[in-house]
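Please treat every number below as a calculation from the coordinates, not as lab data. Source: prediction; values computed, not measured. Neighbour counts are summed over all protein chains in view; Cβ atoms, including those assigned to glycine, are modelled from backbone coordinates with ideal geometry.
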Amino acid sequence: MIIDGHCHFGPLPVKGTCPGSGPRLAPFRGEDLIEGMKEDGIDITIGFSDARVLDNEYIAKMVKKFPDEIIGFAFINPLQKTATDQLKRAIEVLGLTGMKLHPYSHGYALSSHAYTDPLFKVCIDRDLPIIVHGGDTLYSHPYEFEEMARVFPEAKIIMAHMGFMFACEQARRVAERRKNVYLDTAAAAPDDVRLAVECAGANKIVMGSDNPFWSPKLEVAKIEVAVSDASKRNLILGENYRKLLKL
C-alpha cells in the first residue's frame, strides 16, 4: 500500500510556491486528486487545504465522498483567536484526523508556545498526528521541531520536507535524537532521503508529495532510487503512516 502523506486540494485556485510549479490556472478539487491517484498508483492520500485558502469544511466533504482514498487533516493558523476551537470542531464535528501547520506562511515560529501549545495538546489528547512545514527558515527550522518534541514527547510530529533545502542534515539529526519526530520526503533530494534513512532509520521516514506542486509519481520513484532495501521502502511508502494513523 502506498500512502501519500502530503497533499493540498480545494475548490479555489491556488498559486504554486515551489520552484518551477508556477501558478495553477484551475482549482485542484477532490475529484482531481482521486483521478490522479489512480494514474499514479497511490492508494491513500492525506490531504489538507492550501495555506492561503483554509477550507477544512471542503476537506471534510471530500473525506466523506471518498472515505477509502482520502484522509483529511485540519489546516490551522495558530495566530487566529479561535484556532483551538477551530481545531476541536474540525476533529469532533468534521471528522478530520490530524493537523497541518505552516509557520512560514502564517508568520510565527513553531515554538511560539503561547500559540502552538494549545493546538498540540488537543492533538495529543486525541492521539492525532501533526504535520508541519519544516524548512530552512527560522520559523520552521528543524530545531523548532526539536523544541516542540522536547516539550511534548508524546506528540507525533511530522517534519514536512525534512529541512529542505539547506537544513536537511539538522533535520535528520533531530529525527535521530527525538523518537517522536518523523521526516516527510516531499521536495527532498534522493541523497537526503538516503542519508535520512541511514541516520534516523527507515521507520522515521514517511512519503509525501506536496501534490499538486510536486508529482506523487516522481516522489515514489525518488524513494525507489534512494532506498534499495525493499522492506525499508515499504515502511516509507506506507507502513509508517499506517502505524501513525492506526489504520
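For segment 155-202, the dipole from Cβ point charges (+1 on Lys and Arg, -1 on Asp and Glu) about the Cα centre works out to 280 debye, to the nearest 20. With q set to 0.09, 0.14 Å⁻¹, the log10 of I(q)/I(0) for the chain, from the Debye formula over equal scatterers at the Cα positions, is -0.32, -0.85. Scoring 204-211, 225-232 by mean Cβ neighbours within 10 Å over their residues and listing the highest first yields 204-211, 225-232. Ignoring lysines fewer than eight residues from residue 65 along the same chain, the ones with Cα atoms less than 22 angstrom from its Cα are 38, 88, 100, 246. Taking amide H atoms as placed 1.01 Å from N in the peptide plane, the amide H of residue 183 lies under 5 Å from those of 159, 205, 206, each 5 or more residues away in sequence or on another chain. Projecting the Cα positions of 142, 84, 74 onto the charge dipole of segment 66-153 (unit charges on Cβ atoms of Lys, Arg, Asp and Glu, taken about the Cα centre) puts 84 furthest along the positive direction.
Helical content alone sets the calculated 222 nm signal of the chain at -11500 deg cm²/dmol, taking -39,500 (n - 2.57) per DSSP H segment of four or more residues and averaging over every residue. Which whole-number percent is the relative contact order of segment 3-245 (Cα, under 8 Å, 6+ apart)? Relative contact order here is 17 percent.
With +1 on the Cβ of every Lys and Arg and -1 on the Cβ of every Asp and Glu, and nothing else charged, how large is the dipole of the chain about its Cα centre, in debye rounded to the nearest 20?
On the way: 30 positive and 33 negative charges, 88 e Å.
Result for the chain is approximately 420 debye, rounded to the nearest 20.
GNM on the chain, alpha-carbon springs under 10 angstrom: the most fluctuating residue among 120, 166, 213 is 166.
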